[in-house]
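The values are calculated or read from the model by the stated rules, or taken from the named source; none is laboratory data. If you're wondering where the values come from, they're calculated on a predicted model, not measured in any experiment. Positions of Cβ are generated from backbone atoms using ideal geometry, with glycine treated the same way; all protein chains shown enter the neighbour counts. Accessible surface is based on the protein model in full, side chains and every heavy atom, while ligands, DNA and RNA are left aside. Shrake-Rupley method; radii C 1.70, N 1.55, O 1.52, S 1.80 Å.
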Amino acid sequence: MSCSCSGNNKNGIQAMIGPSILNADLSNLKFECENLLESGADYLHLDVMDGHFVPNLTFGHPVVKCLRSHIKDAFFDMHMMVDQPEKWIKDMHESGATQFTFHLETTKTPEECIRKIKETGMKVGIGIKPNTPVEQLLPFINDIDMALIMTVEPGKGGQSFMADMLPKVKFLRENFQYLNIEVDGGVGPGNVKLCSDNGANMIVAGTSIINSKNRKETISLLKQTVQDSILQRK
Ligand SMILES: O=C(CO)[C@@H](O)[C@H](O)COP(=O)(O)O
């Protein structure tokens, strides 16, 4: 499973669908992840929550290590909804994470975080919550592989999509043609075109894929919609 989730890809950005497993059957996580990849997922979006930055608790690097022992080459996008994310960079890398996406709101030294992540060879993502202005990403935008625009308040799956976050996506795409822009929260077939027409090319969808009667069909629809938006922008 290859995923060109590399930032600032001069060959042009690609449509990528990354299901969130937060609302999957976590007692059957290996199967769920394998099923999502077999259903056409480009990468897996793994939500790490510490109960401090967000009011929820999920899993950490030990689970990632077990997953990676079974799923050798999938792209693991670690969405680190944790305070002091720098504490976990080494462990996540050693456990098999591909990308380490931390939240700008969780560290006073984002440059240091970026440097430490890059030292491991992992890709770097920075996420911002709904109340964080997109301009706060600008000092780091040329040093990261992906910008994550939250379209819900982080902490749980199944929430309603916040369309008023899309101007952030539009601003980034208008100014950074080759940047990977990810949206996450409440995204599905009913609003993915809004996201991709504004410039998102990496789509995190949890509930809309996990609960779908036909995951392969849903992923394919999401991907085609994003591909069409990218072609229209050329
Ligand atoms: O990080 C989060 C929530 O905090 C997201 O990854 C959600 O888990 C996505 O799930 P849906 O909103 O698509 O159900």
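Summary of computed values
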{"read-out": "Condition broken by F53, with the remaining ones in (1) away from the ligand (no atom under 12 Å from the Cβ); (2) at pLDDT 95 or above satisfied", "value": "(1)"}
{"read-out": "Hits in region 20-56 - residues which are touching a strand residue (DSSP E or B) at 6+ places or on another chain (Cβ under 6 Å) and assigned to a strand (DSSP E or B)", "value": "S20, L44, H45, L46, D47, V48, M49"}
{"read-out": "Every residue from region 190-210 that is away from the ligand (no atom under 14 Å from the Cβ) and surrounded by fewer than 24 Cβ atoms within 10 Å (Cβ to Cβ)", "value": "K193, L194, D197, N198"}
{"read-out": "Whichever residue in region 178-189 is touching a helix residue (DSSP H, G or I) at 6+ places or on another chain (Cβ under 8 Å) and more than 10 Å from the ligand (Cβ to nearest atom) and, among such residues, is most open to solvent (accessible area, probe 1.4 Å)", "value": "P189"}
{"read-out": "Condition check for M165: within 16 Å of the ligand (Cβ to nearest atom), of a type outside the set (V, I, T), open to solvent by less than 50 Å² (accessible area, probe 1.4 Å) and in contact (Cβ under 8 Å) with a residue 60 or more places away in the chain", "value": "no"}
{"read-out": "Single unsatisfied condition, E217 versus (1) exposed (fewer than 15 other Cβ atoms within 10 Å of the Cβ); (2) in contact (Cβ under 8 Å) with a residue 60 or more places away in the chain; (3) charged (D, E, K, R)", "value": "(2)"}
{"read-out": "Residue in region 83-98 that is within 16 Å of the ligand (Cβ to nearest atom), open to solvent by less than 10 Å² (accessible area, probe 1.4 Å) and among the β-branched types (V, I, T) present", "value": "no"}
{"read-out": "Matching residues in region 184-214 - criterion: being without any contact (Cβ under 8 Å) to a residue 60 or more places away in the chain and β-branched (V, I, T)", "value": "V187, V192"}
{"read-out": "Conditions (1) more than 16 Å from the ligand (Cβ to nearest atom); (2) under 28 Å from E32 (Cβ atoms); (3) of a type in the set (D, E, K, R); number of the one not met by E174", "value": "(2)"}
{"read-out": "Test for I126: is it β-branched (V, I, T) and either open to solvent by 20 Å² or more (accessible area, probe 1.4 Å) or part of a helix (DSSP H, G or I) (or both)", "value": "no"}
{"read-out": "Qualifying positions in region 136-162 - within 14 Å of the ligand (Cβ to nearest atom), among the hydrophobic types (A, V, I, L, M, F, W, C) and part of a loop (DSSP other than H, G, I, E, B)", "value": "V152, F161, M162"}
